[in-house]
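Student: Take a look at the following structure, please.
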Amino acid sequence: MTQTVTTEDVQRVAELASLELTSEEETRMVRDLNAILGYVQHMNELNTANIEPMAQVGELAGHEALRPDDVATSLRRDAVMAGAPETDGVFFKVPKVIER
Amino acid sequence: MTVDTAKSTYATIGEVRQAIESGRATASGIAEAALARIDAEDGVIHSFLSVSRERAMASAEKIDAAARSGNDLPPLAGVPVGIKDVLTIEGLPATAGSKILEGYLPPYTATSVRKLEEAGAVVLGKLNCDEFAMGSSNENSAYGPVKNPRALDRVPGGSSGGSAAAVAAGMSVATLGTDTGGSIRQPASFCGVVGMLPTYGRVSRYGLIAFASSLDRVGPFTNTVRDAATVLGVIAGHDPLDATSSPLPVPDYTADLDRGVNGMKIGVPAEYFAEGLDQEVRAAVEAVIDRLKTHGAEIRPISLPHTRYAVPTYYVLATAEASANLARFDGVRYGHRSAEANTLSAMYRRSREEGFGAEVKRRIMLGTYVLSAGYYDAYYKKAQQVRRLLTNDFIAAFADVDAIVTPTAPTPAFKLGEKTDDPLAMYLADIYTVTANLAGICGISIPCGQSSEGLPIGVQILGRHFDEATVFQVGHAIEKAD
């Protein structure tokens with residue numbers, strides 16, 4: 001399997017990722033993604049038909065990850081809002097959401 | 001030109017403790033000296049991104065007050081430490097090496113850092129790293145690269161380059177770094193210090209700015225294996241704020257350090273000594289294996305047959321997780337917001353375009369691509385299946401051996417600028433380290449000599465899940481035999 005990433009692919013993925021690449025960045029991204037994915041193809045030499053996917057290694061430790069669903073204090077609102085780019089002190093403020 | 005590391009006053013936790021307990025020095029005096037050393041040396045090395053003088057002096061004075069009143073001192077009393085800038089400390093900058101977090105002051109402290117401070121450590125500041133811990137040379141920091149204190153034309157390794165360099169240059173006795181694919185062990189190897197990767201779940205990730213959550217770990221850099229064992233003992237343990245942290249009890253890692261390797265079975269995987277390994281690195285690691293044998297270890301050739309698929313697997317899984325984790329940087333709640341956007345969606349795109357560097361964008365793109373419709377099974381699911389095969393390799397090997405010895409990196413430190421234009425060549429610097437992250441096992445890198453050019457070489461010891469104690473024992477035996 002040889003996948004070729006095109007400029008159109010890069011533009012589509014950039015939109016999914018909320019990135020706005022310059023045309024120079026697009027050109028480089030096509031080159032780099034093709035090189036990296038070309039190398040990644042080596043995985044296909046392996047037959048993994050009956051192998052269970054492994055998302056994380058916690059399953060090996062076998063411990064119970066769930067905790068009781070108790071109410072507890074969280075971060076203070078004013079401390080959080082202090083780091084926001086724009087806020088009225090209660091909410092985060094953002095530019096217009098609906099475009100017309 | 002190299003920095004004169006001999007000027008370092010205190011190299012180990014034991015020396016600091018002895019000096020304070022005997023009254024020869026105060027924690028404040030040690031902190032002042034460490035801060036002065038940063039002022040004098042770090043203009044060249046650039047390991048610190050910010051220095052927390054007030055916090056350091058306040059911590060040191062608390063230790064001095066305790067010493068004056070004759071109280072027992074906590075295990076890290078007065079020990080000057082630095083923290084990789086991907087770990088948060090309330091009220092101190094946390095840039096993650098990125099422009100997108102410039103000026104951000106987090107409202108909470110990472111559990112690992114809180115535990116260090118509660119044990120008496122004195123935090124000197126936050127350490128330079130590749131942007132969001134993505135890189136193997138520290139050249140992806142938005143604030144400029146770190147130079148290797150042992151050879152200033154060389155990279156310190158990455159992504160925890162500042163953490164390794166600060167210990168190597170005598171600016172900190174210990175530091176914290178993070179390791180997602182080798183980012184503690186590889187820089188430790190390049191800078192000639194000890195770097196420890198704990199088992200996944202051993203140390204809380206709360207307050208670690210996430211790169212790839214199933215792979216990220218927090219661990220120490222030190223000058224000695226004993227100090228790494230001491231620091232891990234302080235930061236390890238269950239944390240209700242990290243659901244993946246393990247409830248297993250934390251042993252005293254220093255208790256059996258001197259047990260030696262007599263009777264231990266140590267595996268040598270053929271796949272880690274194949275094509276691409278520098279001849280001087282090979283010779284240094286083989287010399288370590290010979291010494292282990294002399295000290296009574298039984299050396300067994302083993303095979304980890306899926307090793308060559310580790311880097312491809314890693315770059316699918318790590319980037320997929322990164323693309324999700326880094327979605328939170330959108331200019332809404334913290335960090336950079338573009339001034340040039342009139343709508344919400346344009347604000348997201350422009351803030352991210354302006355805030356992220358080239359490697360971070362590349363990984364977000366790669367991760368989004370492998371998760372996108374039509375490619376998920378071919379890349380992401382496939383990589384998760386190969387991850388299981390790689391993990392099974394280690395489980396099978398550890399049924400026969402107590403520890404595994406390999407080179408940490410295929411070469412000594414490379415030159416600044418040497419690989420910046422070739423992402424794939426840079427990724428291959430992690431070829432011997434990514435496997436442990438994928439399998440969740442623990443490991444350590446220990447200095448084991450130097451190249452003909454005087455560059456440090458590191459040997460890696462890998463251990464079973466939650467068997468850090470054995471890794472430390474082998475590491476300590478190697479260190480003593482030098």
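Student: Could you give every pair whose Cβ atoms fall below 7 Å, whose first residue belongs to segment B:216-238 and is crowded, with 24+ Cβ neighbours inside 10 Å, and whose second residue is of a type in the set (D, E), counting only separations of at least 6 or pairs across chains?
Tutor: Note: pairs meeting the criteria are B:R217/B:D179; B:G219/B:D179; B:V225/B:E479; B:L232/B:E468.
Student: Here's something else I'd like to know. In segment B:355-366, what count of residues is obtained for those that are more than 9 Å from chain A (Cβ to nearest Cβ) and in a helix (DSSP H, G or I)?
Tutor: Total satisfying the criteria: 4.
Student: Also, quick follow-up: Which pairs have Cβ atoms under 7 Å, sit 6 or more apart or on different chains, and link a residue in segment B:76-88 that is assigned to a loop (DSSP other than H, G, I, E, B) to one that is modelled with pLDDT of 95 or more and among the hydroxyl-bearing types (S, T, Y)?
Tutor: If the second residue must be modelled with pLDDT of 95 or more and among the hydroxyl-bearing types (S, T, Y), the pairs left are B:D85/B:T95; B:V86/B:T178; B:T88/B:Y108; B:T88/B:T109.
Student: When segment B:372-389 is examined, which residues are found to be part of a helix (DSSP H, G or I), more than 8 Å from every other protein chain (Cβ to nearest Cβ) and surrounded by fewer than 19 Cβ atoms within 10 Å (Cβ to Cβ)?
Tutor: Across segment B:372-389, the qualifying residues are B:Y376, B:D377.
Student: I've got another one for you. Return yes or no: is B:T319 in contact (Cβ under 8 Å) with a residue 40 or more places away in the chain and either within 22 Å of B:C129 (Cα to Cα) or surrounded by fewer than 18 Cβ atoms within 10 Å (Cβ to Cβ) (or both)?
Tutor: yes
Student: OK, next. For the structure I just gave you, tell me whether B:Y369 is within 10 Å of another protein chain (Cβ to nearest Cβ), touching a helix residue (DSSP H, G or I) at 6+ places or on another chain (Cβ under 6 Å), buried (at least 23 other Cβ atoms within 10 Å of the Cβ) and in contact (Cβ under 8 Å) with a residue 60 or more places away in the chain.
Tutor: Answer is no for this residue.
Student: Starting from residues that are touching a strand residue (DSSP E or B) at 6+ places or on another chain (Cβ under 7 Å) and closer than 19 Å to B:G161 by Cα, keep the ones in segment B:195-215 and report whichever is surrounded by the most Cβ atoms within 10 Å (Cβ to Cβ).
Tutor: Filtering segment B:195-215 for residues that are touching a strand residue (DSSP E or B) at 6+ places or on another chain (Cβ under 7 Å) and closer than 19 Å to B:G161 by Cα, the one surrounded by the most Cβ atoms within 10 Å (Cβ to Cβ) comes out as B:G195.
Student: Looking at this structure, is A:A65 at the interface with chain B (Cβ under 9 Å from one of its Cβ atoms), under 30 Å from B:R464 (Cβ atoms), over 23 Å from the mean Cα position of the chain (by Cα) and of a type in the set (A, V, I, L, M)?
Tutor: It is true that A:A65 is at the interface with chain B (Cβ under 9 Å from one of its Cβ atoms), under 30 Å from B:R464 (Cβ atoms), over 23 Å from the mean Cα position of the chain (by Cα) and of a type in the set (A, V, I, L, M).
One line per residue, one yes/no per condition, for (1) buried (at least 19 other Cβ atoms within 10 Å of the Cβ); (2) over 30 Å from B:V250 (Cβ atoms):
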| position | (1), (2) |
| --- | --- |
| B:T391 | yes, no |
| B:F398 | yes, no |
| B:D402 | yes, no |
| B:P412 | yes, yes |
| B:K415 | no, yes |
| B:A425 | no, yes |
| B:Y432 | yes, no |
| B:G443 | yes, no |
| B:Q460 | yes, no |
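Student: Can you give me the number of residues within segment B:265-279 that are touching a residue at least 24 places away in the same chain (Cβ under 8 Å) and out of contact with any strand residue (DSSP E or B) (no Cβ under 7 Å at 6 or more places or on another chain)?
Tutor: So the answer is 4.
Student: Okay, moving on. Pull up segment B:391-435, narrow it to residues that are of a type in the set (A, V, I, L, M) and touching a Ser or Thr at 6+ places or on another chain (Cβ under 6 Å), then point me to the one that is nearest to the other protein chains (Cβ to nearest Cβ).
Tutor: My answer is B:M426.
Student: Out of B:G219, B:G181, which single residue is out of contact with any strand residue (DSSP E or B) (no Cβ under 9 Å at 6 or more places or on another chain), closer than 26 Å to B:P410 by Cα and either of a type outside the set (F, W, Y) or within 12 Å of chain A (Cβ to nearest Cβ) (or both)?
Tutor: Just one listed residue meets the conditions, B:G181.
Student: May I pose another question? Scan segment B:331-345 for residues that are assigned to a loop (DSSP other than H, G, I, E, B) and within 7 Å of chain A (Cβ to nearest Cβ) and jot them down.
Tutor: Of everything in segment B:331-345, those that are assigned to a loop (DSSP other than H, G, I, E, B) and within 7 Å of chain A (Cβ to nearest Cβ) turn out to be B:G331, B:V332, B:R333, B:Y334, B:R337, B:A341, B:N342.
Student: Something else: Being under 30 Å from B:D242 (Cβ atoms), modelled with pLDDT of 95 or more and loosely packed, with under 15 Cβ neighbours inside 10 Å is the requirement here; does A:E45 meet it?
Tutor: Answer is no for this residue.
Student: So, of the residues in segment B:363-383 that are more than 11 Å from A:A17 (Cβ to Cβ) and of a type in the set (D, E, K, R), which turns out to be farthest from the chain's Cα centre (by Cα)?
Tutor: Selected residue: B:D377.
Student: Quick check, is B:F211 assigned to a loop (DSSP other than H, G, I, E, B) and of a type in the set (F, W, Y)?
Tutor: yes
Student: Let me ask something additional. Every residue in segment B:295-349 that is of a type in the set (A, V, I, L, M, F, W, C) and within 23 Å of A:M43 (Cα to Cα), please.
Tutor: B:I302, B:L304, B:A310, B:V311, B:V316, B:L317, B:A318, B:A320, B:A322, B:A324
Student: Mind listing whichever residues of segment B:223-249 are away from chain A (no Cβ under 14 Å) and not small (G, A, S)?
Tutor: B:N223, B:T224, B:V225, B:R226, B:D227, B:T230, B:V231, B:L232, B:V234, B:I235 - these are the residues of segment B:223-249 that are away from chain A (no Cβ under 14 Å) and not small (G, A, S).
Student: Moving on to the next point. Within segment A:75-87, which residues are in contact with a helix residue (DSSP H, G or I) (Cβ under 9 Å, 6 or more places away or on another chain) and either exposed (fewer than 14 other Cβ atoms within 10 Å of the Cβ) or hydroxyl-bearing (S, T, Y) (or both)?
Tutor: Of everything in segment A:75-87, just one residue is in contact with a helix residue (DSSP H, G or I) (Cβ under 9 Å, 6 or more places away or on another chain) and either exposed (fewer than 14 other Cβ atoms within 10 Å of the Cβ) or hydroxyl-bearing (S, T, Y) (or both), namely A:T87.
Student: Could you say which residue among B:S338, B:S345 is of a type in the set (S, T, Y) and touching a residue at least 12 places away in the same chain (Cβ under 8 Å)?
Tutor: B:S338
Student: Can you find, within segment B:115-148, the residue that is surrounded by the most Cβ atoms within 10 Å (Cβ to Cβ) among those that are more than 17 Å from the chain's Cα centre (by Cα) and within 25 Å of B:A425 (Cα to Cα)?
Tutor: B:A142
Student: Still on this structure, I have one more. Does A:E15 satisfy the condition of being among the acidic types (D, E) and either within 26 Å of B:Q384 (Cα to Cα) or in contact (Cβ under 8 Å) with a residue 40 or more places away in the chain (or both)?
Tutor: yes
The values are calculated or read from the model by the stated rules, or taken from the named source; none is laboratory data. These numbers come from a predicted model, not from an experiment. So basically every Cβ, Gly included, is an ideal-geometry build from the backbone, and we count neighbours across all protein chains shown.
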